[in-house]
Structures are given as structure tokens and as C-alpha cells.
1. Pull out all pairs, ordered by first then second residue, where Cβ-Cβ is under 7 Å, the residues are six or more apart or on different chains, the first lies in region 44-58 and is touching a residue at least 24 places away in the same chain (Cβ under 8 Å) and surrounded by fewer than 17 Cβ atoms within 10 Å (Cβ to Cβ), and the second is acidic (Asp, Glu) and not in a loop (DSSP other than H, G, I, E, B).
2. Just to be sure, is SER83 farther than 16 Å from GLU46 by Cα, in a helix (DSSP H, G or I) and modelled with pLDDT of 95 or more?
3. Would you be able to tell me the number of residues in region 19-43 that are in a helix (DSSP H, G or I) and either loosely packed, with under 13 Cβ neighbours inside 10 Å or modelled with pLDDT under 95 (or both)?
4. Being surrounded by fewer than 18 Cβ atoms within 10 Å (Cβ to Cβ) and assigned to a loop (DSSP other than H, G, I, E, B) is the filter here, so list the residues in region 106-127 that pass it.
5. Against the conditions (1) under 22 Å from SER154 (Cβ atoms); (2) surrounded by 15 or more Cβ atoms within 10 Å (Cβ to Cβ); (3) at pLDDT 95 or above, where does THR265 fall short? Just the number, please.
6. Taking the criterion of being closer than 18 Å to VAL152 by Cβ and exposed (fewer than 15 other Cβ atoms within 10 Å of the Cβ), would at least one residue in region 203-213 satisfy it?
7. Given (1) in contact with a strand residue (DSSP E or B) (Cβ under 8 Å, 6 or more places away or on another chain); (2) surrounded by fewer than 16 Cβ atoms within 10 Å (Cβ to Cβ); (3) not in a loop (DSSP other than H, G, I, E, B), where does LEU156 come up short, assuming only one miss?
8. How do the pairs read when you match residues in region 188-210 that are within 20 Å of ILE166 (Cα to Cα) and free of Cβ contacts under 8 Å to residues at least 40 places away in the same chain with residues anywhere that are of a type in the set (Lys, Arg) and in a loop (DSSP other than H, G, I, E, B), using Cβ under 9 Å and keeping only pairs 6 or more apart or on different chains?
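The values are calculated or read from the model by the stated rules, or taken from the named source; none is laboratory data. Everything numeric in this text was worked out from a predicted model, so none of it was measured. Neighbour counts run over all protein chains shown; Cβ positions are idealised from the backbone, glycine included.
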Amino acid sequence: MASQILILIVLLALFNGWMYLQQPSMIFFPQKELDETPAAWGLEYEEISLLTADNVKLHGWYLPDAGSRKALLFFHGNAGNISHRGSSVEIFHRLGMNVLIFDYRGFGTSQGEPDESGLYEDARAAWRFLQEEKGFDSKDIILFGRSLGGAVASKLASEVHPAGLILESSFSSARDMADAIMPLISRVVFLRFNLNTLNIIDRIRCPLLVLHGPQDEVIPFRQGEKIFKAAREPKTFVTLQGGHNGGYLLSQPAYEQALEAFIRTISDSSDPRASLR
């Protein structure tokens, strides 16, 4: 009996070791090659370079709107790179936002390899860029995170004081995702990443907009509901149509109208005379 237990422990340890090494490739799906630039979207842009506190050089694009006082810091999902976010960037540009979108370490032409602490450093570097290089005050910067980007945006929002936070189709934690994908195995696996938005959402004091769809086949709808329930007021929940990757497009025009209303509410609350432009 004792030998059987020992064998089980050894097998479990070996399995955990293998899973530990595999987890980055199970979570991050970066693409190195940029398929297009914002010029293909009909938008003016500036190539920008960010240097993180741990000396990793990141690549991004800054898309200006000369008449706008507001900036949107865009955190994309776990696959591809910034060249695949044109339809989203176009929406925020139409809404009168200066947009900064960048690739995390290991994505696109950014240096390094993706990991949780590194992504948080990447977010801080992008925040500093908007403040120090572009001169935006924190009250004029809105954070937007889709899917994995929601965890990164939430972490940054818990450390700084943005004007608002938008979380779209985002998960509540890595543990909740593991439980949803492999409910039995997740009980015996050590998770290398936390990515725990649920644990920090109550520290965030800016207005919050959560968007999620019941038909999301990647991240369960209940996880978006959990985030929203745990968050402080003021907060708004919008139900999307369609699946994980295309829900925001299938939900038009209501999707864009919800974003516009949220952004305008932030502008009006900070200055009764203010507008997006």
C-alpha cells in the first residue's frame, strides 16, 4: 500500500512538472509577423517603442486624434498581435479616442517571452508612455482589456488611477479557467499563473464597464458575471451577442453605443463642460 502511494506521488509530481513547463504555451499564442499596419485601416499612426522597468523593448502603435483629450490604452488577448486588432481600434477611433495599442513581450516584434509578471511590467511601461511622452493626465486615460488583456488591464487599474476600465469577454482567474477547461485535472495541478482579476477587482475605484456574452465558447459567461458582482460601483454590465472573438462585431451597433455612453459618462463626471473632443 505504501509503495503504491509513493508511486502515485511520484507520478503526480512528474505530471505537475510537465504541466508547469507546458503552461506558457497553453496560455500564450503569440504571432511574430505583423500582417498589416494601421495604414491598411485608413488611420494615421506613430510607431512607438516602450522600454519596461526590466529592460524589455516593446513595439506598439499610437493612433492620434488631434481634437481629443482622451486616450485609450488597449490590452489585447492571448493570440496573434496588434496587427489583428484593426476592427476594434477603428471603433475607439470613431469614438474620438487617442489609442495606444502595443504588443506584450514575445508578441509581434516586441522582445522577450510572455509571462504574468512580465505582462504587468509591459502595462506599466505603456501607462508611463501615455503620461510622460504624450502628456495625458490619469483622469483622461481609459483602460480596455479583452480576454487575457482584461487581467492585465485590471492589474494596472488596481495600481494607478485611470478614468475608467473596460473589460470585455475576460476571465475571472486562471484557476477558474482551469476548472472550466479541465475540472478534474485542475484539482491536482499547480498553476504557474494566477491572472486573478476577481481577487483585485474590489481595489479598483474607477468606473467599470463589463461586456460578456452567454454564447462565449472560450470564457464562460459566468466568469464575467463574477467579476461584475465583485466590483465596486459605479459599474455597468452589457450582454454581448455571438462568440468569444466576434461578439463585439455581432453586437453592433449596440456595442459601440454602450462604449460611447460609458466614455461620455466619464467625461461628463470629470468636467460638466467636457466632451470627448
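1. ALA53/GLU121; ASP54/GLU121
2. Values: farther than 16 Å from GLU46 by Cα: no; in a helix (DSSP H, G or I): yes; modelled with pLDDT of 95 or more: yes.
The answer is no for SER83.
3. 11
4. Those that are surrounded by fewer than 18 Cβ atoms within 10 Å (Cβ to Cβ) and assigned to a loop (DSSP other than H, G, I, E, B): THR109, GLN111, GLU113.
5. With respect to (1) under 22 Å from SER154 (Cβ atoms); (2) surrounded by 15 or more Cβ atoms within 10 Å (Cβ to Cβ); (3) at pLDDT 95 or above, THR265 is out only on (3).
6. yes
7. Result: LEU156 passes all but (2).
8. Partner pairs satisfying both residue conditions: ASP202/ARG232.
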